[in-house]
1. When the residues of segment 114-131 are filtered to those that are part of a helix (DSSP H, G or I), farther than 20 Å from Val93 by Cα and open to solvent by 70 Å² or more (accessible area, probe 1.4 Å), which remaining residue is modelled with the lowest pLDDT?
2. Those residues that are touching a helix residue (DSSP H, G or I) at 6+ places or on another chain (Cβ under 8 Å) and under 20 Å from Lys5 (Cα atoms), I need them from segment 34-45; list them, please.
3. Regarding Arg111, is this residue out of contact with any Ser or Thr (no Cβ under 9 Å at 6 or more places or on another chain), at pLDDT below 95 and not β-branched (Val, Ile, Thr)?
4. Say we look at segment 57-79 and pick out the residues that are in contact (Cβ under 8 Å) with a residue 40 or more places away in the chain and open to solvent by 70 Å² or more (accessible area, probe 1.4 Å); which of these is farthest from Ala119 (Cα to Cα)?
5. Take Leu18 and decide whether it is open to solvent by less than 10 Å² (accessible area, probe 1.4 Å) and in a helix (DSSP H, G or I).
6. Just to be sure, is Gly87 open to solvent by less than 50 Å² (accessible area, probe 1.4 Å) and modelled with pLDDT of 95 or more?
7. Please go through segment 90-109 and pick out each residue that is loosely packed, with under 13 Cβ neighbours inside 10 Å and assigned to a helix (DSSP H, G or I).
8. Within segment 46-56, does at least one residue satisfy the condition of being closer than 22 Å to Leu22 by Cβ, open to solvent by 60 Å² or more (accessible area, probe 1.4 Å), part of a loop (DSSP other than H, G, I, E, B) and not β-branched (Val, Ile, Thr)?
Amino acid sequence: MKKTKAVILVVEDDSSILKGLLDVLVFNGFETKGAVDGQTGLESALKEGFDLIILDVMLPIIDGFEICRQIRLKKPTQPIIMLTAKGSEEDIVNGFKAGADDYVCKPFSLRELMVRVEALLRRAGKNVGDQVLEIK
């Protein structure tokens, strides 16, 4: 019996980064959905079920810190990785205080991001990529 793929929401306003992240995640066996602004990302995060959310901070309409806080209020166990160019110590602290589980600064290594995604999904008890479970 094949396990279902983990589903990841990526909220990123830079279309080239968004497309690249979605492509890499799909290539690594995940289902994905993208959002290009904070309002759309927040609505998707609250209405739909995602195994992980990758969230930029500097977004149109609603910033990532506020999105993270609102998700935490309604879905306290939702795994969230903030992926942002805002890399000062204050920004990182604000990200974790807003409720992020991990904080990755741009520019970033895709390889490092993927192991962080997999680690967070494992801690949350979610499926990582195209894992197969056989029942005999």
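The values are calculated or read from the model by the stated rules, or taken from the named source; none is laboratory data. Treat the numbers as computed from the prediction; the structure is a model and nothing was measured. Cβ coordinates were reconstructed from backbone atoms using ideal geometry, including for glycine residues, and neighbour counts include every protein chain displayed. Quick note on the areas: whole protein, heavy atoms, side chains included, nothing else; ligands and nucleic acids left out. Shrake-Rupley method; radii C 1.70, N 1.55, O 1.52, S 1.80 Å.
1. Step by step, filter segment 114-131, then rank; the result is Arg123.
2. Going residue by residue through segment 34-45, those that are touching a helix residue (DSSP H, G or I) at 6+ places or on another chain (Cβ under 8 Å) are 34-36, 38, 41-42, 45.
Of everything in segment 34-45, those that are touching a helix residue (DSSP H, G or I) at 6+ places or on another chain (Cβ under 8 Å) and under 20 Å from Lys5 (Cα atoms) turn out to be Gly34, Ala35, Ala45.
3. Details: out of contact with any Ser or Thr (no Cβ under 9 Å at 6 or more places or on another chain): yes; at pLDDT below 95: yes; not β-branched (Val, Ile, Thr): yes.
So Arg111 passes the test.
4. Ranking the qualifying residues of segment 57-79, first place goes to Met58.
5. The answer is no for Leu18.
6. Values: open to solvent by less than 50 Å² (accessible area, probe 1.4 Å): yes; modelled with pLDDT of 95 or more: no.
No, not satisfied.
7. Glu90, Val93, Lys97, listed by residue number.
8. Yes: one or more hits.
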